[in-house]
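Asker: Starting off with a structure, shown below.
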Amino acid sequence: MPVFDYEDIQLVPNKCIIESRSEANTTIKFGPMTFKIPVVPANMATIIDERLAIWLAQNGYFYIMHRFDKENRHDFVKKMHDQGLFASISVGVKQEEYELIDQLSQYDFVPEYITIDIAHGHADSVINMIRYIKKNLPGSFVIAGNVGTPEGVRELENAGADATKVGIGPGKACITKLKTGFGTGGWQLAAVRLCAKAASKPIIADGGIRNNGDIAKSIRFGASMVMIGSLFAGHTETPGDVVEENGQKFKTYFGSASQYQKGEYKNVEGKKLLVPYRGSIANTLREMQEDLQSSISYSGGRSLKALRKVDYVIVKNSIFNGDTI
Ligand SMILES: NC(=O)C1=CN([C@@H]2O[C@H](COP(=O)(O)OP(=O)(O)OC[C@H]3O[C@@H](n4cnc5c(N)ncnc54)[C@H](OP(=O)(O)O)[C@@H]3O)[C@@H](O)[C@H]2O)C=CC1
Ligand SMILES: Nc1nc2c(ncn2[C@@H]2O[C@H](COP(=O)(O)O)[C@@H](O)[C@H]2O)c(=O)[nH]1
């Protein structure tokens, strides 16, 4: 089984068939909707809030609201729908989460997307929640995770998940691999490949994206959508606090399983870090789209589909040769 991560892979170019990169189509149909690019900001408290969710939905981007403002989720769905926008929320698996599903069902507030998001998603607790949502909110597109194996993908799909989220421990704010010895950290791209081969529905590659080219690589190895945390953390619109150190501006980014999210040091698998401030998220999203258009042109095609067929080589870290952007 080949084991590699994003930095170990280069995609092999094909003859270009377009006259301008602007002809390359980066849109992706994911569930009931089509989005500008196959990218979703991570459903973490330092990455997304209500304001950014509204902006993303208004501007043709996918979003998944985090689940840490527990009491507000019902109102959030209503607020998005009142503005004619799609609603996309996250849930856990504890008893109160079943009560939220009951409430949404009772008032007929049906979110277009519901993401079941726990650390170890290959679990009966997730399977039961998938079944419960599918029974009570059959109109919602259910994303479930996180998993890191083909068996995990198949079991969640068989339970009724419409998409699965792949990635255990590759995140920048993650310390799972250090604290538990488990996960896809260091071989996330290979795990995406294995999981995608087993999947019969879309998968989201979650965690470990460090450069825009990693988005194209995720698509090459079978992802339909890519979830990104740290690369988005430094923006004006992302909710982390602004910190100044030695005259330089940073924003805080912390893991959802860190003490900063949990409010206590118990079963901690995440840390806090400072990410350089980098202005508006709109510019980063535009650059991601431009870079993806270039990727499509190098693949010799006109749309994301062409990326799936390109050859690749394993170059074991040497591609960087000390280079950074
Ligand atoms: N993608 C990743 O690599 C990781 C992501 N995270 C993120 O952190 C957030 C919090 O996750 P999580 O702690 O699961 O959420 P919760 O605290 O809501 O826990 C969900 C449920 O799963 C149980 N649980 C959690 N971890 C395990 C485990 N390893 N084995 C058995 N049961 C478990 C919890 O019980 P109990 O707490 O009593 O064990 C609880 O009942 C999520 O947003 C998640 O995505 C966290 C770690 C890894
Ligand atoms: N192991 C942990 N993983 C976490 C935690 N909080 C979030 N996450 C995962 O990371 C990605 C984002 O990764 P990045 O490399 O783009 O920064 C996120 O979507 C979660 O899946 C955590 O506390 N521990």
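Asker: Considering the alpha-carbon set of region 1-151 alone, what are its Rg and its Dmax in angstrom?
Answerer: Here Rg and the maximum Cα pair distance are 17.9, 55 Å.
Asker: Using a simple charge model, +1 on the beta-carbon of Lys and Arg, -1 on the beta-carbon of Asp and Glu, nothing else, what dipole does region 136-254 show about its Cα centre, in debye to the nearest 20?
Answerer: That gives region 136-254 a dipole magnitude of about 400 debye.
Asker: Taking the Cα centre of the chain as origin, sum charge times position over the Cβ atoms of Lys and Arg (+1) and Asp and Glu (-1), and report the length of that vector in debye to the nearest 20.
Answerer: Its charge dipole is roughly 720 debye.
Asker: What order do you get for S140, S200, S303, S105 when you list them from fewest to most C-beta neighbours inside 10 Å?
Answerer: S200, S303, S105, S140
Asker: Taking a threshold of 32 Å on the Cα-Cα distance, which of the pairs K135/K217; K266/K305; K197/K266; K78/K135; K15/K271 fall above it?
Answerer: K135/K217; K266/K305; K197/K266; K15/K271
Asker: Follow-up. Where does each of M1, M33, M80 land when they are ranked from fewest to most other beta-carbon atoms within 10 angstrom?
Answerer: With the sparsest Cβ surroundings first, the list reads M1, M33, M80.
Asker: Give me the Debye-computed log₁₀ of I(q)/I(0) at q = 0.19, 0.21, 0.29, 0.30 Å⁻¹ for region 257-312, equal point scatterers on Cα only, no solvent, two decimals.
Answerer: Treating every Cα as an identical point scatterer, log10 I(q)/I(0) equals -0.74, -0.77, -1.06, -1.09.
Asker: Among DSSP beta bridges lying fully in the chain, give the percent that are antiparallel, nearest 5.
Answerer: Expressed as a percentage, antiparallel bridges in the chain total about 40.
Asker: To check my understanding: the extent here is largest minus smallest coordinate of the Cα atoms along each principal axis. What are those three numbers for the chain, in Å, largest first?
Answerer: 55, 49, 42
Asker: Next question. Could you give the alpha-carbon Rg of region 85-232 over 2.2 N^0.38 Å, rounded to two decimals?
Answerer: In units of the globular-protein estimate, region 85-232 measures up at 1.03.
Asker: While we're on this one: When the Cα centres of region 103-176 and region 32-49 are compared, how far apart do they sit, in Å?
Answerer: 16
Asker: Could I ask something else about it? At a 10 Å Cβ-Cβ cut-off, how would you order I296, I17, I101, fewest neighbours first?
Answerer: Fewest to most other Cβ atoms nearby, the residues stand as I17, I101, I296.
Asker: Please give the length that would be gained between E19 and V110 if that part of the chain were fully extended, namely 0.36 nm times their separation in residues minus their C-alpha to C-alpha distance (nm, one decimal).
Answerer: On the way: separation 91, 0.36 × 91 = 32.76 nm, distance 4.32 nm.
My answer for the length gained is 28.4 nm.
Asker: Determine which lysines satisfy two conditions relative to K272: a Cα distance under 22 Å, and not lying fewer than 8 residues away in the same chain.
Answerer: Answer for K272, where 22 Å is the Cα cut-off: K70, K172, K177, K179, K249, K251, K262, listed by chain and number.
Asker: OK, next. Restricting to DSSP H runs of at least four residues, report the calculated mean residue ellipticity at 222 nm for the chain, -39500 (n - 2.57) per run over all residues, nearest 500 deg cm²/dmol.
Answerer: That calculation yields -9500 deg cm²/dmol at 222 nm.
Asker: Oh, and also: Which three extents, in angstrom, do the Cα atoms of region 1-65 have along their principal axes, listed largest first?
Answerer: Computed over region 1-65, the largest-to-smallest principal extents equal 42, 36, 21 Å.
Asker: Which of D162, D241, D49 ends up with the largest GNM mean-square fluctuation for the chain, with Cα atoms connected below 10 Å?
Answerer: D241
Asker: Counting C-alpha atoms alone, how compact is region 160-263: give Rg to one decimal and Dmax as a whole number, in angstrom.
Answerer: 15.3, 51
Asker: Which ³J(HN,Hα) values in Hz, rounded to whole numbers, follow from the phi angles of region 89-95 under the Karplus curve 6.51 cos²θ - 1.76 cosθ + 1.60, where θ = phi - 60° and Gly and Pro get x?
Answerer: 3J(HN,Hα) across region 89-95, in whole Hz: 10, 10, 9, x, 10, 6, 4.
Asker: Amide H to amide H, which residues 5 or more places from T115 or on other chains are under 5 Å from it, using H placed in the peptide plane?
Answerer: Counting only residues 5 or more places away or on other chains, the set is I89, S90, V91, I143.
Asker: So for the chain, taking the charge dipole from beta-carbon charges (+1 Lys/Arg, -1 Asp/Glu), which of H66, L11, G229 sits furthest toward the positive end?
Answerer: Of H66, L11, G229, it is L11.
Bear in mind these aren't lab numbers, they're just calculated from the coordinates by the rules spelled out. Keep in mind it's a predicted model, so treat the numbers as computed, not measured. Positions of Cβ are generated from backbone atoms using ideal geometry, with glycine treated the same way; all protein chains shown enter the neighbour counts.
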